[in-house]
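The next block holds one structure in the form of structure tokens; read it before the comments.
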Amino acid sequence: MLLTILGGCGAWPGAGQACSGYLVEHDGFRLLVDPGYATVPRLLERVAADQVDAVFVTHGHPDHCADLNPLLRARALRADPPAPLPVYSLPGALDAVLALDRPGMLADAYVLREFTAGDRLDIGPFHAQTRLLPHSVPNSGVRLTAGDRVLVYTGDSGPSPDLVDLARGAHLLLAEATYADEVPEDSRRHLSSARQAGRQANEADARRLLLTHLQPGTDPAAAQAAAQAEYDGETGIATAGLVIDLS
Ligand SMILES: [Zn+2]
């Protein structure tokens, strides 16, 4: 399983950056997870729009799904459009982004496969176990298994035993860490710090931790140090262009 980081900014893309976006590949199948703001230009540096085989979206915040629109445009507005793109999301999560263009314009470009958090999905060679994790809108974390490798991605989530359970023994935990040490009071149930991500990686016995969704202004070095204070495993920051081979 190969993971390519397209972007790792939380909330909005910093200068020259992109928000959450992850290309996960196995056996030639390309799964795009969370096409957040500005991820499509980075995706297209690596693969053509018609080479994406499926999209999985954790939740409907635009920093996780806004670039579904340019991806669908890049597939639909050509002389020989590819087959409709399977797009997996929670019910209603993509209503806003799918309404950006005039009704029907992109209708043939995708097939929406809405699921309920807790469902288990088979997406190409990936088995996806989904789990509702606490956020300000419904958010599904996902445990992706291909071969004997396991990648767990939180989407956006406050600390939760469900997150620890989902991440149990994962080869890589890709964890939202909007802040380094302290989450502001009004977001504590819905977002995490790098310190909390480290603590949960430790509790889950994850083999490796990658911090993502750092809000611009959060110091990556401080975030990494905060996570490492709680977790002994290898810890990194999700930066655009980073490729991790989990095999
Ligand atoms: Zn969010």
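Read-outs: derived from the displayed coordinates by stated rules, not from any lab. What you are looking at is a predicted structure, and each value in this text was computed from that prediction instead of being measured. Quick reminder, even Gly has a Cβ in these numbers, built from the backbone with ideal geometry, and neighbours come from all protein chains shown.
Observations
- Failed condition for A227, given (1) under 29 Å from E45 (Cα atoms); (2) in contact with a Leu (Cβ under 9 Å, 6 or more places away or on another chain): (1)
- Residue in the range 28-47 that is in a helix (DSSP H, G or I), within 16 Å of the ligand (Cβ to nearest atom), among the hydrophobic types (A, V, I, L, M, F, W, C) and buried (at least 23 other Cβ atoms within 10 Å of the Cβ) present: no
- Any hit, the range 202-210, residues being among the polar types (S, T, N, Q) and out of contact with any helix residue (DSSP H, G or I) (no Cβ under 8 Å at 6 or more places or on another chain): yes
- Filtered residues of the range 199-217 (kept if within 19 Å of the chain's Cα centre (by Cα), in a loop (DSSP other than H, G, I, E, B) and surrounded by fewer than 21 Cβ atoms within 10 Å (Cβ to Cβ)): R207, Q215, P216
- When R143, R131 are checked against the criterion of being crowded, with 18+ Cβ neighbours inside 10 Å, charged (D, E, K, R), touching a residue at least 12 places away in the same chain (Cβ under 8 Å) and within 16 Å of the ligand (Cβ to nearest atom), a single residue qualifies: R131.
- Checked against the criterion of being of a type in the set (D, E), farther than 19 Å from G124 by Cα and away from the ligand (no atom under 16 Å from the Cβ), the candidates D63, D80, D50 yield just one match: D80.
- Qualifying residues in the range 172-189 (those that are surrounded by fewer than 18 Cβ atoms within 10 Å (Cβ to Cβ) and out of contact with any helix residue (DSSP H, G or I) (no Cβ under 7 Å at 6 or more places or on another chain)) - the one nearest to T235 (Cα to Cα): E182
- L2 passes every criterion in (1) over 16 Å from T218 (Cβ atoms); (2) crowded, with 21+ Cβ neighbours inside 10 Å; (3) not polar (S, T, N, Q) apart from (2).
- Whichever residue in the range 218-247 is touching a residue at least 60 places away in the same chain (Cβ under 8 Å) and over 13 Å from C9 (Cβ atoms) and, among such residues, is surrounded by the most Cβ atoms within 10 Å (Cβ to Cβ): L246
- Those residues of the range 147-164 which are of a type in the set (S, T, Y), buried (at least 24 other Cβ atoms within 10 Å of the Cβ) and part of a loop (DSSP other than H, G, I, E, B), in sequence order: T154, S157
- Only one of R131, R143 that is closer than 18 Å to I244 by Cα and touching a helix residue (DSSP H, G or I) at 6+ places or on another chain (Cβ under 9 Å): R143
- Single unsatisfied condition, A76 versus (1) of a type in the set (G, A, S); (2) exposed (fewer than 13 other Cβ atoms within 10 Å of the Cβ); (3) touching a helix residue (DSSP H, G or I) at 6+ places or on another chain (Cβ under 6 Å): (2)
- Pairs with Cβ under 9 Å, 6+ apart, first in the range 188-199 and closer than 12 Å to L214 by Cα, second more than 16 Å from the ligand (Cβ to nearest atom) and among the basic types (K, R): none
- Filter result for L172 (within 16 Å of the ligand (Cβ to nearest atom) and closer than 22 Å to G36 by Cα): no
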